[in-house]
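*Asks:* Handing you this structure, nothing more for now.
Nothing in this text is a laboratory measurement; each read-out follows from the coordinates by a stated rule. Source: prediction; values computed, not measured. Using ideal geometry, Cβ is built from the backbone for each residue, glycine included, and neighbour counts are taken over all protein chains shown.
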């Protein structure tokens, strides 16, 4: 077994451990995953059609690009430990392998783990260049740049974020959050090429600036401080949860704006259901913290129900950033906010009493609401 085969085997084992951890979290997620797999495979092809088209609307292009880059960055961040062989780092570092070979193997693993999300835009760009090669001599250079800039920009950004997620510890807070949030409202102010240049400038700036941070100070105290410190020391779970909510909101926002007015309410209702489940799943982290420090929690002079109330209150506070995000996109009416609250509460109840099948309670609630709405009409 050579060094590349060894690293590839370590990566596959890490990916298998990650999948096993999902199975332990919820049997419901495992049961629903095969149903979602065809959609996950189909989505990149839809995105490429929008991102490679120079004539697509700027708002649609920026939303799709943001969603695609968020997804590839999150996907690579999940696989970071496997690509870098973090679990076996000391043994890997002790091997008599040159640094150049290590870097090339890591680059190969990055391409291997990004697979279709990186290779797809590359193949599409090559096909576009090959198909229009005979016209390049007759068309103006500015026209060629205008036609190829969207797909070339996609390939460049996907390549950067695939590598950045693995090798750069600093999160892309400016280029993947602040810039896109501000860009959506003024998408038509600049051309696609100009937006891509601004995106690259944002990347350069965020590489130079320090990561925003804050100190807890003397507040909060007690159990809230313990849970908050645990989240700050291991922000990966909450970060991926927030990114997942952002991805869902962007994708369903695109769908919301593309369907008839009569169907928009159903899209917003589906978003309220998915957002409630995702945000309520934060309770799993609080329960894991309780199991980790069980001797400490049992020694506290409070009852089990009081401890559970503190955890639920903390989880509700953690939902506030997600609520602000949903409010910013302005897709919900008063009815959808009420639906979100109902789905959120039923999801928390399901996690407390049937954690492996927690989604059953909100699904039953959704079916009841759907039947009542049909009877009302």
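*Asks:* Run the helix sum for the chain: -39,500 (n - 2.57) per DSSP H stretch of 4+ residues, divided by residue count, reported at 222 nm to the nearest 500 deg cm²/dmol.
*Replies:* Theoretical 222 nm ellipticity from helices: -25500 deg cm²/dmol.
*Asks:* Checking a compactness column here: for the range 275-377, what do you get for Rg(Cα) / (2.2 N^0.38 Å), N being the number of residues?
*Replies:* Working: Rg = 16.0 Å, N = 103, 2.2 N^0.38 = 12.8 Å.
Taking the Cα Rg and dividing by 2.2 N^0.38 Å, one obtains 1.25.
*Asks:* Label points 7 Å out from Cα along the Cβ direction at residue 288 and residue 94: separation in nm?
*Replies:* The two pseudo-label positions are separated by 2.9 nm.
*Asks:* Can I ask one more? Which entry in (1) 1.19; (2) 1.10; (3) 1.03 matches Cα Rg over 2.2 N^0.38 Å derived from the coordinates of this structure?
*Replies:* (2)
*Asks:* Using the count of nearby Cβ atoms within 10 Å as a rough guide to exposure, how do 3, 328, 130 rank from fewest to most?
*Replies:* 130, 328, 3
*Asks:* Let me ask something else about it. Can you give me the distance in nm between label points at residue 46 and residue 313, each placed 7 Å from the Cα along the Cα-to-Cβ direction?
*Replies:* Those two pseudo-labels are separated by 4.2 nm.
*Asks:* Would you mind giving the three semi-axes, in whole Å and largest first, of the ellipsoid equivalent to the range 67-159 according to its Cα gyration tensor?
*Replies:* 36, 15, 9
*Asks:* A further question on this structure: Taking springs between alpha-carbon atoms closer than 10 angstrom, which of 315, 201, 345 fluctuates most in the Gaussian network model of the chain?
*Replies:* 201
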